[in-house]
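Questions regarding the structure given below will be posed in turn.
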Amino acid sequence: MMIVFKFAYQLWHTMDKAEVAAEVTKNLITADDYKMITGEDYVAPTTQATTTSTTN
């Protein structure tokens, strides 16, 4: 499967880095695969806590 994403990113230009990173989060490729495809280290997205104000 990784080879398809590599072709899509490098040769066909039908995927961008964000789309390749999404495949890591879906566990379809590894962080090492991401680096092999894009040439950059994979950085996991950070989640930001949402705060809610309860002022009346």
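I need every pair where a residue in the range 12-29 that is over 13 Å from residue 45 (Cβ atoms) has its Cβ under 7 Å from the Cβ of a residue that is loosely packed, with under 14 Cβ neighbours inside 10 Å, sequence separation at least 6 or different chains.
28/1; 29/1
Output the number of residues of the range 1-33 satisfying the condition of being in contact with an Asp or Glu (Cβ under 7 Å, 6 or more places away or on another chain) and at pLDDT 95 or above.
2
Pairs under 9 Å by beta carbon, first residue closer than 15 Å to residue 16 by Cβ in the range 34-46, partner among the aromatic types (Phe, Trp, Tyr) and part of a loop (DSSP other than H, G, I, E, B), six or more apart or different chains?
Pairs that qualify, where the first residue is closer than 15 Å to residue 16 by Cβ and the partner is among the aromatic types (Phe, Trp, Tyr) and part of a loop (DSSP other than H, G, I, E, B), are 34/42.
Does residue 36 satisfy the condition of being at pLDDT below 95 and touching a helix residue (DSSP H, G or I) at 6+ places or on another chain (Cβ under 8 Å)?
For residue 36, the condition - at pLDDT below 95 and touching a helix residue (DSSP H, G or I) at 6+ places or on another chain (Cβ under 8 Å) - is not met.
The values are calculated or read from the model by the stated rules, or taken from the named source; none is laboratory data. Keep in mind that this is a model prediction, so the values were computed, not measured. Here the Cβ is made from the backbone with ideal geometry for all residues, glycine too, and neighbour counts use every protein chain on show.
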